[in-house]
Each structure stands twice: as C-alpha cells, then as structure tokens.
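Reviewing the structure listed below.
The values are calculated or read from the model by the stated rules, or taken from the named source; none is laboratory data. Note that the coordinates shown come from a computational prediction; the quantities given were computed from them, not determined experimentally. Cβ coordinates were reconstructed from backbone atoms using ideal geometry, including for glycine residues, and neighbour counts include every protein chain displayed. What goes into the accessible areas is simple: the full protein's heavy atoms, side chains included, and nothing from ligands, DNA or RNA. Shrake-Rupley method; radii C 1.70, N 1.55, O 1.52, S 1.80 Å.
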Amino acid sequence: MTRDWTEFLSEEALLRKRSVMAFPKGDVISLAVGLPNPACFPLKGVELDVESPGSQFRKTERIGYTIDTHPDQLVDSCQYMSSRGLAHFDEWVKAYVEKYFLPGYAGWKYLVQSGATQSLDAIFRMLLNPNEDTVLCEKLTYSCFLETCIPFRVKLFSVEMDDFGVVPEKMDELLCGWSAAGSATEGLKKPKVFYTMPTGHNPTGITLSTERRRALMEVCNKHNILVIEDDPYYHLQLDDAANIPSLLKFDVEGRVIRIDSFSKMLMPGLRVSIVTANDLFIDKLSMHNELSIHSASANSQLVLEMIFSKWGDGGFDAWLRHLQSMYRRRRDVMLGAFDRYLPKSLVTYNRPNHGMFIWVNAKLDQFAQPSDSTLKDYEWATHVEDEIFRVASEKYKVILTKGHWFMQDKHTVCSGFRATYAFASEDEMVKGAELFGKAISDVHSSLSG
Ligand SMILES: Cc1ncc(COP(=O)(O)O)c(C=O)c1O
C-alpha cells in the first residue's frame, strides 16, 4: 500500500478535481457528451511499413488496419479518449511496466502522456509551488530540466557526482546539514524532490550502479524526499547483459515518479511517454491531462499498438537488441576516434555503458591560468571551455555541447563537453574527433603562449 502523499501536492494540484465532462461509459444512452459522430471521421484505414523482427529489422512488412478489420481501434484513435489512453495500447503499457520496472509496492499506477518533456512539466506543476519549493538535482543535469525550473521559479540545489554518478553519502550529508546557519542552503526550504537520470545520464553517459540506486533510495526515504526518475536511455544498454533495476524496484511506498519515453527507444515524433507512480499522483496528473492535453495523441498510440502487435511476443526485445547493437557500434566508432585524435595529455573521456553521450573533460591543471589573471577558478574554467568551443566551431566547424549548459551551479570548477554518437554519420564522427582534437591543442597552445 502507498502512504498518503497529499503533503507533497502543490496548491494547484490540491485544487484539481475530476472534470465534470469525464462521463461514465457503458450501458447508457448518452445525449450528454460533445463527441463528434464517428461517421464523420474521414480516416477509414491506416497502413504502415515497419521493419520486422523476422528479417532482423532489415526489411519492412506492411501492417494494415481498416474500419472493417479493426473498427474499435480505428474509431477510438480518431475520437476523444479518456485521459488514460487507447485501450489496446494501455494493455501493452501495463505489461511493459510490469516486465521491466515492477515497483516494490502494490497499488502503483501509470499514465500515458505526451513525451518526457510534457510529463516533467506536469509533474512540476503537481508538486511545486513557485517562489517557495526547492528541488535537488545532480551537479551536471539535463539542460532542459534547468530551463524548466526557471519559469517555475523554484530554487535548485545540486548534489555532488563522481565518475560513477551522484554520490548518495554526499546527498545525505547535504540534507543532514540543510538550512544550517552559515551553510550554502541557509534559509532554503528542505527539498521536496530529487530529479535524477540514473541510466545513461545526460550529459555524462554515466549509469548508477545497483548499490548506489539502493543507497540513494535509502537517503530519500530517510529525508522524506520524492524522486523523479527521468530514464529515456534505460533501454539503450550497450554492454552488460543484465538489466539494471529502475529506482521503482527499491521503492516500497510510492516515492518514485518514473518517466519512460518512446523518443529514444522508438521515435520522438510520436510524442508518447509513460509516467509510473503512486495512485494519488497518477490521478492528479490525469486530472491535469483532462484540462490540458486531454490525452496523449491517440493516433500515435495507434501506431505504437500496430507496431507492437505485429512484432508480437519477443519482438520488442528483439528491437531493443537491434537498437543496442547499432548504438554500441556508434559508441565504439566515436571512442576509437577519440583514442586516435584527442590529446590525452589535455582531456579525459569516459566509456558509457548506456545511452547516447560521452563526457569529455578538460584537464584544467594543463590549462594553467596566467599569473596576472584576475579570474576566479570557475571563471577560468568557463573561459577554457568557451575558448575550446569557439575555436572548434569557428575555425574547425565542429560542435559539441558546452558543459556549462548542464551545470546547476555555474560556479563549478569544471570544463567539459557532451559528445553524442547518436546522430552524425560514422565518417563525420571520425572527422569531428580529429577537428575537435586540433581545437583543444590550439587553445592549449594559445593559452599557454
Ligand atoms: C534526460 C532527458 N529527459 C527528457 C528528454 C526529452 O524526452 P521527450 O522527447 O520524451 O520529451 C531527453 C531528451 O533528450 C532527455 O535527455
């Protein structure tokens, strides 16, 4: 059973009730609801050409639904639907959550939504009061999360990370001394929620070990903090065979709000995500859906349903293995190019086991500040990063993402870059690494000269 989570709701969420327009379905004559008449929908069939597991995803097969063969699915996908989602797809989602992430408590629920970005926005509105609440995040965190926090006017504070991700003991220390006189958190309200990307972290590519996941949940339990587990890279597992557990597995009372997205495991244009959480939070989110997006796109859900029913049992797992092998190869191409072209005396980079990102870190002790410089250490770190970015983009026409865009605390003494092996061609990755290596060496020479 979950406990009562009402104390975590924002003022906005406390005011949300079921819409009066959420009519019961079933054995009644409805002269009430304002639904368009299905006979007026022009869409009478859908055909998709989709890569098939039988051909190791090398050939496509056609999937066709018509108004005669699949009347319910077709009409439902054109109609307003409950905030829950398309019935057949809903069954797939339930089985998906149970198979991969089964929470450690009974009574959990899930909700189909319109992408992780929309889900995060809705979760923020459900939990946080502007100008009042505090949110914890990792030292390096997703730039869009940081941008989401600004208009929400919430206070942010970050937890130390090392090469293996966020450090639970540091989080415990931070929370034990929270708000103490003279501390950096003096006067801040104790955080309500910790936002984390435990798998293939954006921007570092780091995956939190099972032990750290368990320890992290213990700290959150101890300090009564909710967790938003934003996990779009979960299935992009590149090396180890064993599946890493979601934080939901260690959640025995409904503290974790997990976001899954179809953007990276299938295609972002669908705009479909799944939120799994305790029943109160899912009910509040679905009430919000009723008066905002209504539901995730029914057409997108139909496309997903068509693909998954064609792929059949085992087809989705086969797809994931296919995806993983594509990304593994791309990661290895990029790492090979980095090994060859990046100056090892000036930068380090990691070897991620999940996701799409490699973190390239400038060795700041090799970029010494001139003795007459008046810059503070963090300003110098930013300067080094800016210079490498400028020379790489202007002189060599290659860009990586600046590390400072992912830093909650802009005073962090760190110069780094996020590289992704997801999008560029293999030739571009190799060329890009060579050019970026030259830019790093150029900046090193000019700053030491
Ligand atoms: C950590 C993280 N969350 C969310 C998103 C966005 O996901 P969606 O396309 O489902 O909105 C991304 C995309 O880059 C991401 O890296």
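For the reader, a short list of remarks on this structure follows.
- Cβ separations smaller than 6 Å between residues 6+ apart or across chains give the following pairs from segment 223-242 residues that are assigned by TED's automatic domain parsing to the domain that holds LEU175 to residues that are within 14 Å of the ligand (Cβ to nearest atom) and in a loop (DSSP other than H, G, I, E, B): ASP230/MET197; ASP231/THR199; TYR233/THR199; TYR233/GLY200; TYR233/GLY355; TYR234/THR199; LEU236/GLY200; LEU236/GLY355.
- Scanning segment 128-161 for residues that are without any contact (Cβ under 8 Å) to a residue 40 or more places away in the chain and closer than 19 Å to SER415 by Cα turns up VAL159, GLU160.
- Among residues of segment 114-127, those that are within 9 Å of the ligand (Cβ to nearest atom), at negative phi and touching a residue at least 40 places away in the same chain (Cβ under 8 Å), counted: 5
- Failed criterion for THR117 (all others in (1) part of a loop (DSSP other than H, G, I, E, B); (2) open to solvent by 60 Å² or more (accessible area, probe 1.4 Å); (3) not aromatic (Phe, Trp, Tyr) hold): (1)
- Residue match in segment 50-71 (condition: more than 30 Å from CYS144 (Cβ to Cβ), open to solvent by 70 Å² or more (accessible area, probe 1.4 Å), touching a strand residue (DSSP E or B) at 6+ places or on another chain (Cβ under 6 Å) and not acidic (Asp, Glu)): yes
- Of the strands (runs of 3 or more DSSP E) contained entirely in segment 177-278, those carrying at least 2 residues that are within 19 Å of the chain's Cα centre (by Cα) and closer than 19 Å to GLN408 by Cβ fall at 193-196, 226-230.
- Search result, residues across segment 171-216 that are more than 16 Å from the ligand (Cβ to nearest atom), farther than 26 Å from ASN131 by Cα and not β-branched (Val, Ile, Thr): SER209, GLU211, ARG212, ARG213, ARG214, ALA215, LEU216
- Taking segment 128-142 as the range and being farther than 28 Å from ASN243 by Cβ and either within 14 Å of the ligand (Cβ to nearest atom) or touching a helix residue (DSSP H, G or I) at 6+ places or on another chain (Cβ under 7 Å) (or both) as the test, the residues that pass are LEU128, ASN129, PRO130, VAL135.
The rows are residues; the columns are (1) part of a loop (DSSP other than H, G, I, E, B); (2) acidic (Asp, Glu); (3) surrounded by 19 or more Cβ atoms within 10 Å (Cβ to Cβ); (4) on the phi < 0 side of the Ramachandran plot.
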| position | (1), (2), (3), (4) |
| --- | --- |
| SER19 | yes, no, no, yes |
| ASP27 | yes, yes, no, yes |
| LEU31 | yes, no, no, yes |
| VAL75 | no, no, no, yes |
| PHE89 | no, no, yes, yes |
| TYR96 | no, no, no, yes |
| GLY104 | yes, no, no, yes |
